[in-house]
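Novice: Attaching a single structure in structure tokens format; questions to follow.
The values are calculated or read from the model by the stated rules, or taken from the named source; none is laboratory data. None of the values given here were measured: they were computed from a predicted structure. All Cβ positions, glycine included, derive from the backbone under ideal geometry; neighbour counts span all protein chains shown.
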Ligand SMILES: Cc1cc2nc3c(=O)[nH]c(=O)nc-3n(C[C@H](O)[C@H](O)[C@H](O)COP(=O)(O)OP(=O)(O)OC[C@H]3O[C@@H](n4cnc5c(N)ncnc54)[C@H](O)[C@@H]3O)c2cc1C
């Protein structure tokens, strides 16, 4: 893969990664074995703390490391909500037992986790969740419905947001839990998308159970935990070099763990399981497409390729700032800026692949058609773009807060007639 260097020199760091790869990369290893070696070395997740598989590197340095992994065409660390959202959340809010239990499993890609946040009546207004978690001895019993949950059919557990107290205002009665998916109380129903995949699902929770040891933080303090998860989700939409690094999801059900890395890397469409990743979503990939269709002489296409590169680069740098803020536990609104930039990039890519490929863009099941049909997810999946603009207005621009008449009203008094209690 052609990967241009997009960060300052960092020669020593690059040399250290290359040296390590020379000694350790063997494409004939299984994905499971490679992830152990990569993650234990600290090069898999270099911005994490050294006590937890990292090297305490800055986000920018971590991008350099991932650029080198991409340049060597090696398989990157496990992909998905576990490493990108759950581990940062556990590092901040998990107790020691929870960190010991789950961080290694997720870092090595041995489990895959889903995200059970959205509900039919609680998407943008996530604090309106109605799924109830009620204590029962040293367990919690959960009832309710979640929706649009990505990759749940492949998941071992889910990050769950559920109402724990209806007598306090909506943000103050939410708990955050880790729910085991394999149990009779969890019924997953796939939703068919226009690209033919069934990447996301509905989940019906009927007396689903989880031990109290799988509660993160205090029973009513889950809102702050959820916000941290969402901040990391948005910041991850602009991962810089990680965009060009080939990664796949962990967990037994995705089926990658016992295949060789060579086999997985040879797969033409390793992205196919991730319905929200654009197959042609980087300037490098777009230039390759323009070459494939002999369109690099076209002045209009050239202008647009340069425009895509410029936006992508600005976004990458803001993304690094957003990741640094998220890591430091600050929320300055950068993640929302990055997210909106990512939406623009997705739409530019959608239009460019169609104009470059012409009639060939109409062929079903190609990387071109998939780029077009996947693009609409951007601007919804990590929170709608209108909501991100609200966040920017309030946190970056100092505009007055959106009126929220229900902010101080006990949840029990809202949504009369639909409330489960
Ligand atoms: C590909 C994809 C993957 C997803 N994966 C997951 C997942 O794994 N887990 C999960 O829990 N959820 C997931 N989601 C759901 C996603 O988080 C929600 O779709 C999103 O938060 C929007 O919520 P909603 O669909 O209920 O829309 P609504 O909240 O009903 O919004 C409808 C429209 O109203 C606008 N709107 C609402 N409130 C305001 C406001 N205050 N100001 C201005 N405009 C407003 C919105 O911008 C939007 O245009 C996924 C979604 C997609 C598309």
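Novice: Based on what the data block shows, is residue 27 assigned to a loop (DSSP other than H, G, I, E, B) and either modelled with pLDDT under 95 or within 30 Å of residue 266 (Cα to Cα) (or both)?
Specialist: In short, yes.
Novice: Where residues in the stretch 372-396 are in contact with a helix residue (DSSP H, G or I) (Cβ under 7 Å, 6 or more places away or on another chain) and without any contact (Cβ under 8 Å) to a residue 40 or more places away in the chain, which of them is surrounded by the most Cβ atoms within 10 Å (Cβ to Cβ)?
Specialist: Here the residue is 372.
Novice: Determine whether the stretch 66-76 contains at least one residue that is touching a residue at least 24 places away in the same chain (Cβ under 8 Å), surrounded by fewer than 18 Cβ atoms within 10 Å (Cβ to Cβ) and not assigned by TED's automatic domain parsing to the domain that holds residue 310.
Specialist: Yes, the stretch 66-76 contains a residue that is touching a residue at least 24 places away in the same chain (Cβ under 8 Å), surrounded by fewer than 18 Cβ atoms within 10 Å (Cβ to Cβ) and not assigned by TED's automatic domain parsing to the domain that holds residue 310.
Novice: Now, a different point. Pull up the stretch 341-370, narrow it to residues that are within 14 Å of the ligand (Cβ to nearest atom) and over 15 Å from the mean Cα position of the chain (by Cα), then point me to the one that is farthest from residue 117 (Cα to Cα).
Specialist: Going through the qualifying residues, I end up with 370.
Novice: Looking at the stretch 182-192 only, could you name the residues that are out of contact with any helix residue (DSSP H, G or I) (no Cβ under 7 Å at 6 or more places or on another chain) and either buried (at least 20 other Cβ atoms within 10 Å of the Cβ) or assigned to a strand (DSSP E or B) (or both)?
Specialist: 186, 187, 189, 191
Novice: Within the stretch 74-113, which residues are part of a strand (DSSP E or B) and modelled with pLDDT of 95 or more?
Specialist: Result: 113, single match.
Novice: For the condition modelled with pLDDT under 90, under 20 Å from the mean Cα position of the chain (by Cα) and at negative phi, what is the one hit in 383, 332?
Specialist: Checking each option against the conditions leaves just 332.
Novice: Here is a further query. Which residue, of 233, 267, 249, is touching a helix residue (DSSP H, G or I) at 6+ places or on another chain (Cβ under 6 Å) and either at pLDDT 80 or above or surrounded by fewer than 21 Cβ atoms within 10 Å (Cβ to Cβ) (or both)?
Specialist: Only one candidate passes the filter, namely 233.
Novice: If you check 125, 138, 156, which single one turns out to be in the same structural domain as residue 190 (by TED's automatic domain parsing), over 26 Å from residue 266 (Cα atoms) and surrounded by 19 or more Cβ atoms within 10 Å (Cβ to Cβ)?
Specialist: Result: 156 is the single residue among 125, 138, 156 that is in the same structural domain as residue 190 (by TED's automatic domain parsing), over 26 Å from residue 266 (Cα atoms) and surrounded by 19 or more Cβ atoms within 10 Å (Cβ to Cβ).
Novice: Name every residue in the stretch 397-421 that is modelled with pLDDT under 90 and either in the same structural domain as residue 132 (by TED's automatic domain parsing) or surrounded by 14 or more Cβ atoms within 10 Å (Cβ to Cβ) (or both), in order of residue number.
Specialist: 406, 414, 415, 419
Novice: Find all pairs meeting these conditions: Cβ atoms under 8 angstrom apart; at least six residues apart or on different chains; first residue within the stretch 276-288 and assigned by TED's automatic domain parsing to the domain that holds residue 315; second residue part of a helix (DSSP H, G or I) and modelled with pLDDT under 85.
Specialist: 277/271; 279/271; 281/243; 282/243
Novice: Residue 329: assigned to a loop (DSSP other than H, G, I, E, B), in contact (Cβ under 8 Å) with a residue 60 or more places away in the chain and farther than 20 Å from residue 290 by Cα, yes or no?
Specialist: yes
Novice: Which numbered condition in (1) over 21 Å from residue 309 (Cα atoms); (2) at pLDDT 90 or above is the only one that residue 354 fails?
Specialist: Residue 354 satisfies every listed condition except (1).
Novice: Further question: Enumerate the pairs (first residue in the stretch 109-137 and at positive phi; second residue anywhere and surrounded by 18 or more Cβ atoms within 10 Å (Cβ to Cβ) and not in a strand (DSSP E or B)) with beta-carbon separation below 6 Å, excluding pairs fewer than 6 apart on the same chain, so at least 6 apart or on different chains.
Specialist: If the second residue must be surrounded by 18 or more Cβ atoms within 10 Å (Cβ to Cβ) and not in a strand (DSSP E or B), the pairs left are 109/35; 109/78; 109/250.
Novice: Please verify whether residue 209 is free of Cβ contacts under 8 Å to residues at least 24 places away in the same chain and part of a strand (DSSP E or B), treating the condition exactly as stated.
Specialist: Answer is no for this residue.
Novice: Restricting to the stretch 371-392, count the residues that are assigned to a helix (DSSP H, G or I) and within 10 Å of the ligand (Cβ to nearest atom).
Specialist: Counting residues in the stretch 371-392 that are assigned to a helix (DSSP H, G or I) and within 10 Å of the ligand (Cβ to nearest atom) gives 9.
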